[in-house]
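The values are calculated or read from the model by the stated rules, or taken from the named source; none is laboratory data. Quantities reported herein were computed from a predicted structural model and do not represent experimental measurements. What goes into the accessible areas is simple: the full protein's heavy atoms, side chains included, and nothing from ligands, DNA or RNA. Shrake-Rupley method; radii C 1.70, N 1.55, O 1.52, S 1.80 Å.
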Amino acid sequence: MMNNLIKFHLFVFLFSIQLYGEGLSEEQIARIQDATQDYYKAPNFTLKSTNDSLYVLSDMKGKVVLLNFWATWCGPCRMEIPDLNELYKTYNKKGFEILGISISDTKEQLLQFLSAYDVEYPMLYGNTYEMQKVLSEYGAGYSVPVSFLVNTSGDLIRGYPGAILKEYNPGMYTDLIYNIEASLPKVDAESE
């Protein structure tokens, strides 16, 4: 996170020079691009799902991924599950994935939760150290729910603080659908 902050400040500084200075040389532009090339990259992580599958975010390039940070004790988190299930059913076969990332639950707690709640998408968890690292890298903290949309190149394209509920906040829900559809892999007419 700190590395990205430094790169951002460098980018702003160098961009300012371009706007208010005499311009940048090609070498300077190349240096800026090199320094900021991974600024928007989603931090990679490896977490287990409740069915013991291993999920590595960088292995999901080529898919649009919604990272939904949540917890079983969070009321708004529970409320958004039906809308997320609907999105998953609608877009999953088109290259969209949702990863429900529990910030504090154990595998046993998640399995107990899943015995009472219908969740269509994978539920991930980690030990305290793993979750602290992931939360820190995403700047997610312990305020849940919060979601991040990652495009097919692995870039963070949008953050969604709070519950994604189509009835409660139709603007956020519509924005999410727009960004999912705009980011989905393009399929040519012949392969459909």
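Structural descriptor for segment 70-192: relative contact order 27 percent, calculated from alpha carbon pairs under 8 angstrom and at least 6 residues apart.
Per residue, what accessible area does segment 71-121 have, given a 1.4 Å probe and all protein chains present, in Å²? Please report the intermediate quantities before stating the final value.
Numbers: 2480 Å² over 51 residues.
On a per-residue basis, segment 71-121 sits at 49 Å².
Taking the DSSP beta bridges with both ends in segment 50-192, the antiparallel portion is around 55 percent. The orientation-averaged projection of the convex hull spanning the C-alpha atoms of segment 49-192 amounts to 8.7 square nanometres.
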